[in-house]
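Here is the structure we will look at, set down as structure tokens.
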Amino acid sequence: VAAATQLAPLYFGYEALQIEISPLLILPDGSWVASDVKMIIDECALFRHPELISMIERRDFAYDALRRKRTFGLDYLILDTAGNIGTFTTGRGLGALLVDEMRQNGLKPYNYLEADTAALINNPASIVEAFRLLSTADSLKAILVTALEDDTNLTELAALLAQSLAQAPEMTFPIVLRLTGPNADPAAALLRDVRLNIELEATTDSAFKRLSELTAPGAVSC
């Protein structure tokens, strides 16, 4: 009761999503010590807590994922170091759904990488950072880029992708585009003017089929 009474204001005061104390040590005199504490903070509430932002900025090496999200608007997670398909998506939760579908179709996604559309438009360096992250994966054979026109101006996105690819010569992997919307074809054409090994697939099924071909044993990746 004493521990909860003291910890509850911290939990609600910092707008936490979870607090974990393991173990909570009860001493012989009845007092207590939180031996190990982990508190997960709602990132969307950080702007109301400058003291937390200051801590993150001072220790950015310890909060790499959060620094990346704040700087570039990217959610990035390596799922399988032996995975051979890199993923890069825009939209609301599209990346997680896509990864699940890929696994159900026998594909091996290397990562989950979802970009905030506004961040991409306002900060083109975000796409360069996304490609930089993927270029460090030794196991990749292809990359799947997915975007919905409801969330993203595909022509504008294609221009940013082209600009970013020009700054990332190490990105030699074939890129399969799954773009949905009226501007998908002109967006893909703009990208193919920059690189030959970019392919537009009209459906998720056809994109998965092409990825399966590109990642088959003996397939040439560049």
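The values are calculated or read from the model by the stated rules, or taken from the named source; none is laboratory data. This is a predicted model, so every value here is computed, not measured. Every residue, glycine among them, receives a Cβ derived from its backbone with ideal geometry; neighbour counts consider all protein chains shown. Heads up: the accessible areas ignore ligands, DNA and RNA and are worked out on the full protein's heavy atoms, side chains in. Shrake-Rupley method; radii C 1.70, N 1.55, O 1.52, S 1.80 Å.
Summarised in one figure, the compactness ratio Rg/Rh of segment 3-53, Cα atoms and Kirkwood Rh, is 1.07. For the set E201, E170, the ranking by accessible area, highest first and with no ligand, DNA or RNA atoms included, is E170, E201 under a 1.4 Å probe.
Temperature 25 °C, viscosity 0.890 mPa s: under these conditions the Stokes-Einstein estimate for segment 87-222, based on its Kirkwood radius over C-alpha pairs, is 166 µm² per second.
Phi angles across segment 170-183 convert, under the Karplus curve 6.51 cos²θ - 1.76 cosθ + 1.60 with θ = phi - 60°, into 3J(HN,Hα) values of 6, 7, 9, 5, x, 10, 9, 9, 10, 9, 10, x, x, 9 Hz, Gly and Pro given as x.
Only alpha carbons enter this Debye calculation for segment 1-126, each as an equal point scatterer, and the log10 of I(q)/I(0) it gives at q = 0.09, 0.19, 0.21 Å⁻¹ is -0.41, -1.11, -1.20. Take every Cα pair under 8 Å whose residues are at least 6 apart in sequence, average their separation, divide by the length of segment 6-109, and the relative contact order is 15 percent.
The local environment of G86, defined by Cβ-Cβ distances under 12 Å, has a net charge of +1 under the rule Lys, Arg +1 and Asp, Glu -1.
What you get for segment 51-95, charging only the Cβ of Lys and Arg (+1) and of Asp and Glu (-1), is a dipole of about 120 debye around the Cα centre.
The helix-only estimate of mean residue ellipticity at 222 nm for the chain, built from DSSP H runs of length n ≥ 4 each weighted as -39500 (n - 2.57), is -12000 deg cm²/dmol after division by the residue total.
Each residue of segment 82-148 gets 71 Å³ once the volume of the Cα convex hull is shared out per residue. Of the beta bridges in segment 44-120, as assigned by DSSP with both residues counted there, near 60 percent are antiparallel.
Relative contact order, whole percent, for segment 84-222 stands at 26, derived from Cα pairs under 8 Å and 6 or more residues apart.
Report the trypsin sites (Lys or Arg not before Pro) located in segment 22-121 that are in a DSSP loop and have at most 15 other Cβ atoms inside 10 Å of their Cβ, or state none. Filter output for segment 22-121: R59, R92.
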